[in-house]
Structures are given as structure tokens and as C-alpha cells.
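Structure first, commentary second.
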Amino acid sequence: MFSRKKEPDRNTKEKKTSVDRGILVFENTSEVIQAENILKKSGWSVKVMGPPPEIQKGCDLVIEFPLMEELNILRELRNANIPPLTVVPVTAPLLKPVDLFHTKDFGAYLMVRAANMKITVAKKDLKIVNISGGGCPDVPFLAWQMVGKTLEEAPRPRDLGHTLCGYALELAFEELCQKCLP
């Protein structure tokens, strides 16, 4: 007759709905990078993404975060002197941030694009065969330092680059490492 009320499923990592996410909008890319580093070092589950088309202010990147933690995250960013321009709850499909990553399998090669930067590896030995995109002054240097090396041998783009292109290449590099390395 009476049944025990089911416990709520606490495994929400795989069942995120847009209502429980928010986005932080910043003035420029440098602030996004700084904020992401601060929040990740503090253990927050955040993700850098492209802004939804409806947001016409700030830079070309936003940080998606767990909305339930808004006050704590804002406090952390204010303490670091990097407050966002605005915070937007993701309440409608049109406000969903755009994923920065696109993966293309070319048979013997795998390419990952993050924002405007692409990195391609040979699947057989995980050697980086191409880096392209951007238009920033550090892209040729990054390519020179990384092409011909395996994912494990290559330097991290974040250690060499200082522009949005270097940052985007770091994101693509991380995504490629997640897909290819054990």
C-alpha cells in the first residue's frame, strides 16, 4: 500500500539540464582565462565555451558553471579582482553556450578544432602533423615547437603562447589528449 519514496538521483553529472547551469560573461579573453584558472584551481566544475548568439557584450568566450554555486563563485572571482560583466542563467535553449570543440576523423588522422585553432595528429603514432588557424602572431612559433612531436613530447601551448589563439590551441590540445592518451 505505502511505498518508500525513492531517493533522488544524485548523479547529476550526466543529467545536467540547462536550468542548473549559468554563464559568466567577461570583458576580454584574458579575464576568461584568469577566471577559469582560478575557478579550476579551487575545484569548481567550469567549462569555457562560446557565448550564445543572444549575448552581444564581452568577449568571444564565456564560462559555464553550476548555477547553484553562483554566490560562491562570484565571491571567489571578486576576491581575485576578476568580476564578470554579467551572469546569465541558462534558462532557454537559445541561451545555451556553444561548444568550442569539433572533432573530425580523417581515417589515419584525427583533428580537433577549438574556436579558431586546429591541431591534427596521425593516429598510428600520435605525432602532431599540423597546427593551423588563428591569425595571431604566436601561431607559427607554436606550430614550429609542436609539429613533428608526439602528444606526450610536445610542449603545452599555454606554456608558449600568449594570445587567444594560444589559449584555443591549448583547449584543442587538451581535448586531443583526452581522446588519444590513456
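The values are calculated or read from the model by the stated rules, or taken from the named source; none is laboratory data. Predicted, not measured: the structure shown is a model, and the values here were computed from it. Here the Cβ positions follow ideal geometry from the backbone for every residue, glycine too, while neighbour counts run over all protein chains shown.
Matching residues to (1) at pLDDT 95 or above; (2) buried (at least 18 other Cβ atoms within 10 Å of the Cβ); (3) closer than 18 Å to D99 by Cα:
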residue: E153; (1), (2), (3): yes, no, no
residue: T163; (1), (2), (3): no, no, no
residue: Y167; (1), (2), (3): no, yes, yes
residue: A172; (1), (2), (3): no, yes, yes
residue: K179; (1), (2), (3): no, no, yes
Original post:
Which residue out of I119, I82 is in contact (Cβ under 8 Å) with a residue 40 or more places away in the chain, out of contact with any His (no Cβ under 8 Å at 6 or more places or on another chain) and in the same structural domain as G161 (by TED's automatic domain parsing)?
Top reply: I119
Original post:
Considering S42, S18, which residue is hydroxyl-bearing (S, T, Y) and modelled with pLDDT of 65 or more?
Top reply: S42
**OP:** Identify all residues within region 121-148 that are buried (at least 20 other Cβ atoms within 10 Å of the Cβ) and outside any loop (DSSP other than H, G, I, E, B); write none if there are none.
**Re:** V121, I128, I131, V139, L142, M146
**OP:** Determine which single condition L85 fails, assuming it passes every other condition in (1) over 30 Å from R21 (Cβ atoms); (2) touching a Phe, Trp or Tyr at 6+ places or on another chain (Cβ under 7 Å); (3) surrounded by fewer than 17 Cβ atoms within 10 Å (Cβ to Cβ).
**Re:** (1)
Subject >> Residue identified as of a type in the set (A, V, I, L, M), assigned to a loop (DSSP other than H, G, I, E, B) and modelled with pLDDT under 95 among I55, I23 >> reply: I55
